[in-house]
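What follows is one structure encoded as C-alpha coordinates, with my remarks underneath.
The values are calculated or read from the model by the stated rules, or taken from the named source; none is laboratory data. As the structure is a prediction and not an experimental result, all values here were calculated from the model. Neighbour counts run over all protein chains shown; Cβ positions are idealised from the backbone, glycine included.
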Amino acid sequence: MVTTMNPAADCPVRFQAVDDRENGANNASTMRWTVDHSSREPLPLQIVACVRQGVASGELAVGEQLPPAAELAAALSVDRNTVLAAYRRLRDDGVLEFRRGRGARVASAVTEPAPVTEAAQTLVAVARRHGLGRHDLIRLIERLT
(Lines give C-alpha, C1' and ligand atoms only; values in the text may rest on other atoms or scores of the structure.)
Protein backbone atom coordinates (compact mmCIF):
# COMPACT_ATOMS: atom_id res chain seq x y z
CA MET A 1 0.00 0.00 0.00
CA VAL A 2 1.40 3.41 -0.91
CA THR A 3 1.46 5.68 2.11
CA THR A 4 3.14 8.69 0.49
CA MET A 5 3.72 9.23 -3.18
CA ASN A 6 5.75 11.93 -4.86
CA PRO A 7 4.98 12.52 -8.53
CA ALA A 8 8.40 14.10 -9.07
CA ALA A 9 9.96 10.68 -8.33
CA ASP A 10 13.30 12.21 -7.37
CA CYS A 11 12.01 12.42 -3.83
CA PRO A 12 11.40 9.59 -1.38
CA VAL A 13 8.40 7.32 -1.80
CA ARG A 14 7.09 5.20 1.06
CA PHE A 15 5.38 1.84 0.76
CA GLN A 16 3.95 -0.39 3.42
CA ALA A 17 5.75 -3.69 3.12
CA VAL A 18 3.56 -6.73 3.74
CA ASP A 19 4.53 -9.38 6.27
CA ASP A 20 1.98 -12.17 6.55
CA ARG A 21 4.09 -14.67 8.45
CA GLU A 22 1.75 -14.56 11.45
CA ASN A 23 -1.72 -15.39 10.11
CA GLY A 24 -1.94 -12.39 7.85
CA ALA A 25 -0.78 -9.89 10.44
CA ASN A 26 1.05 -6.91 9.04
CA ASN A 27 4.06 -6.33 11.28
CA ALA A 28 6.18 -4.62 8.64
CA SER A 29 7.54 -1.12 8.72
CA THR A 30 7.42 1.39 5.91
CA MET A 31 10.36 1.40 3.55
CA ARG A 32 11.74 4.56 1.99
CA TRP A 33 12.47 4.23 -1.74
CA THR A 34 14.43 6.83 -3.69
CA VAL A 35 15.79 7.18 -7.19
CA ASP A 36 17.61 10.10 -8.75
CA HIS A 37 16.71 10.42 -12.41
CA SER A 38 19.59 12.85 -12.97
CA SER A 39 22.22 10.45 -11.58
CA ARG A 40 24.65 8.63 -13.84
CA GLU A 41 24.00 5.46 -11.85
CA PRO A 42 21.50 3.25 -13.71
CA LEU A 43 18.02 3.25 -12.18
CA PRO A 44 17.93 -0.53 -11.56
CA LEU A 45 21.15 -0.26 -9.55
CA GLN A 46 19.67 2.58 -7.51
CA ILE A 47 16.68 0.37 -6.67
CA VAL A 48 19.04 -2.51 -5.79
CA ALA A 49 20.95 -0.19 -3.45
CA CYS A 50 17.70 1.00 -1.88
CA VAL A 51 16.60 -2.57 -1.09
CA ARG A 52 20.04 -3.54 0.20
CA GLN A 53 20.07 -0.50 2.47
CA GLY A 54 16.55 -1.27 3.70
CA VAL A 55 17.52 -4.83 4.59
CA ALA A 56 20.81 -3.78 6.19
CA SER A 57 19.10 -1.09 8.29
CA GLY A 58 16.28 -3.38 9.37
CA GLU A 59 13.56 -1.44 7.53
CA LEU A 60 12.94 -4.63 5.55
CA ALA A 61 13.06 -7.90 7.45
CA VAL A 62 13.56 -11.40 6.12
CA GLY A 63 10.19 -12.60 4.81
CA GLU A 64 8.75 -9.17 4.07
CA GLN A 65 7.08 -8.70 0.71
CA LEU A 66 8.25 -5.93 -1.58
CA PRO A 67 5.81 -3.76 -3.52
CA PRO A 68 4.62 -5.17 -6.85
CA ALA A 69 6.90 -4.06 -9.68
CA ALA A 70 4.16 -2.13 -11.49
CA GLU A 71 3.18 -0.23 -8.33
CA LEU A 72 6.76 0.68 -7.42
CA ALA A 73 7.52 1.65 -11.02
CA ALA A 74 4.54 4.01 -11.13
CA ALA A 75 5.50 5.60 -7.81
CA LEU A 76 9.12 6.13 -8.88
CA SER A 77 8.23 7.19 -12.44
CA VAL A 78 10.30 4.41 -13.97
CA ASP A 79 9.46 1.59 -16.35
CA ARG A 80 8.16 -1.65 -14.83
CA ASN A 81 11.06 -3.49 -16.50
CA THR A 82 13.49 -1.28 -14.57
CA VAL A 83 12.04 -2.51 -11.27
CA LEU A 84 11.94 -6.09 -12.53
CA ALA A 85 15.61 -5.88 -13.52
CA ALA A 86 16.47 -4.70 -10.00
CA TYR A 87 14.37 -7.44 -8.41
CA ARG A 88 16.01 -10.10 -10.63
CA ARG A 89 19.47 -8.84 -9.69
CA LEU A 90 18.56 -9.03 -6.01
CA ARG A 91 17.16 -12.54 -6.53
CA ASP A 92 20.37 -13.61 -8.27
CA ASP A 93 22.36 -12.17 -5.34
CA GLY A 94 20.23 -14.17 -2.88
CA VAL A 95 18.61 -11.13 -1.28
CA LEU A 96 15.11 -11.74 -2.70
CA GLU A 97 13.07 -14.80 -3.51
CA PHE A 98 10.14 -14.98 -5.90
CA ARG A 99 7.11 -17.13 -5.21
CA ARG A 100 4.31 -17.55 -7.69
CA GLY A 101 1.32 -15.56 -6.53
CA ARG A 102 3.18 -14.15 -3.52
CA GLY A 103 5.54 -11.66 -5.16
CA ALA A 104 9.09 -10.81 -4.19
CA ARG A 105 10.13 -11.30 -0.58
CA VAL A 106 13.33 -10.64 1.34
CA ALA A 107 15.15 -13.97 1.45
CA SER A 108 18.20 -13.16 3.53
CA ALA A 109 20.09 -10.43 5.27
CA VAL A 110 22.38 -8.35 3.10
CA THR A 111 26.09 -8.85 3.23
CA GLU A 112 28.69 -6.95 1.30
CA PRO A 113 29.35 -8.54 -2.08
CA ALA A 114 32.70 -10.36 -2.00
CA PRO A 115 34.20 -8.40 -4.93
CA VAL A 116 33.43 -5.10 -3.20
CA THR A 117 34.97 -6.28 0.06
CA GLU A 118 38.08 -7.48 -1.76
CA ALA A 119 38.39 -4.20 -3.69
CA ALA A 120 37.98 -2.21 -0.47
CA GLN A 121 40.68 -4.26 1.25
CA THR A 122 43.02 -3.63 -1.68
CA LEU A 123 42.20 0.09 -1.63
CA VAL A 124 42.95 0.34 2.10
CA ALA A 125 46.26 -1.50 1.66
CA VAL A 126 47.34 0.74 -1.23
CA ALA A 127 46.29 3.87 0.66
CA ARG A 128 48.36 2.81 3.69
CA ARG A 129 51.40 2.18 1.49
CA HIS A 130 51.06 5.74 0.21
CA GLY A 131 50.66 7.22 3.67
CA LEU A 132 46.94 7.93 3.50
CA GLY A 133 44.95 7.57 6.68
CA ARG A 134 41.32 6.69 7.27
CA HIS A 135 40.06 10.27 6.98
CA ASP A 136 42.06 10.86 3.79
CA LEU A 137 40.53 7.76 2.27
CA ILE A 138 37.01 8.76 3.31
CA ARG A 139 37.45 12.23 1.78
CA LEU A 140 38.73 10.65 -1.44
CA ILE A 141 35.74 8.31 -1.67
CA GLU A 142 33.31 11.13 -0.91
CA ARG A 143 34.89 13.24 -3.65
CA LEU A 144 34.58 10.38 -6.15
CA THR A 145 30.95 9.56 -5.41
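Residues that are touching a Lys or Arg at 6+ places or on another chain (Cβ under 7 Å), modelled with pLDDT under 90 and farther than 30 Å from LEU144 by Cα: does segment 26-49 have at least one? Yes.
Just a yes or no: is a residue in segment 112-126 assigned to a helix (DSSP H, G or I) and within 13 Å of the chain's Cα centre (by Cα)? Scanning segment 112-126, I find no residue that is assigned to a helix (DSSP H, G or I) and within 13 Å of the chain's Cα centre (by Cα), so the answer is no.
Considering the conditions (1) surrounded by 13 or more Cβ atoms within 10 Å (Cβ to Cβ); (2) at pLDDT below 80; (3) hydroxyl-bearing (Ser, Thr, Tyr), THR117 is excluded by exactly one of them, (1). One residue alone among ALA104, ALA120 is of a type in the set (A, V, I, L, M) and closer than 21 Å to GLY58 by Cα, and that residue is ALA104. Look at PRO67 and say whether it is in a loop (DSSP other than H, G, I, E, B), buried (at least 18 other Cβ atoms within 10 Å of the Cβ) and not basic (Lys, Arg). So PRO67 fits the description; yes. Of the residues that make up segment 86-106, is at least one in contact (Cβ under 8 Å) with a residue 40 or more places away in the chain, surrounded by fewer than 17 Cβ atoms within 10 Å (Cβ to Cβ) and in a helix (DSSP H, G or I)? Yes, segment 86-106 contains a residue that is in contact (Cβ under 8 Å) with a residue 40 or more places away in the chain, surrounded by fewer than 17 Cβ atoms within 10 Å (Cβ to Cβ) and in a helix (DSSP H, G or I). The residues of segment 28-71 that are among the polar types (S, T, N, Q) and either within 11 Å of the chain's Cα centre (by Cα) or not assigned by TED's automatic domain parsing to the domain that holds ALA85 (or both), listed by number, are THR34, GLN46, GLN53, SER57. The residue that is surrounded by the most Cβ atoms within 10 Å (Cβ to Cβ), counting only those in segment 74-85 that are free of Cβ contacts under 8 Å to residues at least 60 places away in the same chain and more than 14 Å from the chain's Cα centre (by Cα), is ALA74.
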